[in-house]
Amino acid sequence: ANDAKTSCRPADVLARSDVRAAEAAVSVSKRNEDGVSKTYWPTVDAVSSLTYWSPVSAINNEHVTWSVGGVLNWTLYDGGLRYGTREQRTAETRIANEQLTEAKRQARLEVTQAFRAVHSSEATLAVAAKTREIAAETARLTKVAYLNGSGPSFDLVDTARRLREAELDYTVKEFGVLRAKIAALLALATCDV
């Protein structure tokens with residue numbers, strides 16, 4: 001518990017690593033979708049050519065000719081590849097958004113369940129404490145009855161056994177409370193590990 005408290009700090013549900021990973025997947029999907037949209041734009045390419053002529057060139061009466069130019073490309077139809085790719089990327093973005101929504105929902109559910117487990121284990125611990133108190137009182141009264149000669153030794157041994165079982169049960173429930181608190185801390189924390 002102390003290790004968890006020292007290496008982890010409380011954070012919002014949306015700051016959990018699984019939620020942040022889902023958010024990153026959404027941004028990657030949107031970037032991929034935008035990348036397909038850019039393929040509809042025309043492109044301008046700069047071209048350059050340097051040629052050496054063994055006899056002099058008829059163009060400039062020199063041995064070297066250098067030409068520079070620009071080429072405008074605009075694909076009007078590519079057989080539907082861009083349209084299909086755009087639809088696929090749009091679907092991937094919708095899937096990533098749904099996965100993000102599910103990750104947020106799951107994170108909130110885990111936090112709620114963790115805190116309910118803490119409350120439940122604390123209530124169970126209170127019942128175990130009361131059971132231990134009753135077992136201790138029963139063992140005390142049985143011992144008094146045995147010493148007064150009105151109870152058999154079997155009852156003395158049986159109530160002592162029940163007291164030990166109640167103490168053991170209380171210890172187990174106490175550990176359950178600690179474990180539930182650690183789980184609740186980790187469900188709502190960011191850890192530097």
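The values are calculated or read from the model by the stated rules, or taken from the named source; none is laboratory data. Nothing here was measured: the structure is a model prediction, and the numbers come from that model. Cβ coordinates were reconstructed from backbone atoms using ideal geometry, including for glycine residues, and neighbour counts include every protein chain displayed. Areas reflect the complete protein model, heavy atoms only, side chains present, ligands, DNA and RNA absent. Shrake-Rupley method; radii C 1.70, N 1.55, O 1.52, S 1.80 Å.
In region 64-79, how many are assigned to a strand (DSSP E or B), under 21 Å from Val44 (Cα atoms) and of a type outside the set (Phe, Trp, Tyr)?
Here is the first cut: in region 64-79, the residues assigned to a strand (DSSP E or B) are 64-73.
Add one more test, that the residue is under 21 Å from Val44 (Cα atoms), and what stays is 66-73.
So of that shortlist, the ones also of a type outside the set (Phe, Trp, Tyr) come out as 67-73.
Total satisfying the criteria: 7.
Return yes when Arg162 is under 25 Å from the mean Cα position of the chain (by Cα) and either modelled with pLDDT under 95 or open to solvent by 50 Å² or more (accessible area, probe 1.4 Å) (or both) and no when it is not.
no
Residues that are surrounded by 14 or more Cβ atoms within 10 Å (Cβ to Cβ) and within 30 Å of Ala24 (Cα to Cα): does region 122-130 have at least one?
No, region 122-130 has no match at all.
Of all residues in region 31-41, count the ones that are of a type in the set (Phe, Trp, Tyr) and open to solvent by 70 Å² or more (accessible area, probe 1.4 Å).
1
For Arg9, all conditions in the list (1) at pLDDT below 90; (2) more than 17 Å from the chain's Cα centre (by Cα); (3) open to solvent by 80 Å² or more (accessible area, probe 1.4 Å) hold save one; what is the number of the exception?
(2)
Kindly indicate which of Val64, Val28, Val44, Val56 is among the β-branched types (Val, Ile, Thr), open to solvent by 50 Å² or more (accessible area, probe 1.4 Å), touching a Gly at 6+ places or on another chain (Cβ under 9 Å) and farther than 30 Å from Ala184 by Cβ.
Val44
Considering only residues that are open to solvent by 60 Å² or more (accessible area, probe 1.4 Å) and farther than 18 Å from Asp12 by Cβ, which ones fall in region 107-121?
Residues satisfying the conditions are Arg116, His119, Ser120.
Among the residues of region 100-114, is any in contact with a helix residue (DSSP H, G or I) (Cβ under 7 Å, 6 or more places away or on another chain), over 30 Å from Ala24 (Cβ atoms) and in a helix (DSSP H, G or I)? Can you show your working first?
Within region 100-114, the subset in contact with a helix residue (DSSP H, G or I) (Cβ under 7 Å, 6 or more places away or on another chain) is 100, 103-104, 107-108, 110-111, 114.
With over 30 Å from Ala24 (Cβ atoms) added as a condition, the list becomes none.
No, there is no match, as no residue in region 100-114 is in contact with a helix residue (DSSP H, G or I) (Cβ under 7 Å, 6 or more places away or on another chain), over 30 Å from Ala24 (Cβ atoms) and in a helix (DSSP H, G or I).
For the structure I just gave you, tell me whether Arg161 is in a helix (DSSP H, G or I), without any contact (Cβ under 8 Å) to a residue 40 or more places away in the chain and within 29 Å of Arg179 (Cα to Cα).
Yes: the conditions hold for Arg161.
Within the group Lys143, Lys104, which residue is free of Cβ contacts under 8 Å to residues at least 40 places away in the same chain, surrounded by 13 or more Cβ atoms within 10 Å (Cβ to Cβ) and charged (D, E, K, R)?
Lys143
Go through (1) open to solvent by 60 Å² or more (accessible area, probe 1.4 Å); (2) free of Cβ contacts under 8 Å to residues at least 60 places away in the same chain one by one and return the number of the condition Arg89 breaks.
Of the numbered conditions (1) open to solvent by 60 Å² or more (accessible area, probe 1.4 Å); (2) free of Cβ contacts under 8 Å to residues at least 60 places away in the same chain, the odd one out for Arg89 is (2).
Pairs please, first residue from region 7-18 and over 8 Å from Ala107 (Cβ atoms) and outside any loop (DSSP other than H, G, I, E, B), second anywhere and modelled with pLDDT of 70 or more and open to solvent by less than 40 Å² (accessible area, probe 1.4 Å), Cβ atoms under 6 Å, 6+ apart in sequence or on different chains.
Cys8/Ala189; Pro10/Ala189
Restricting attention to region 80-95, does a residue exist that is modelled with pLDDT of 85 or more, assigned to a helix (DSSP H, G or I) and of a type in the set (Asp, Glu)?
Scanning region 80-95, I find at least one residue that is modelled with pLDDT of 85 or more, assigned to a helix (DSSP H, G or I) and of a type in the set (Asp, Glu), so the answer is yes.
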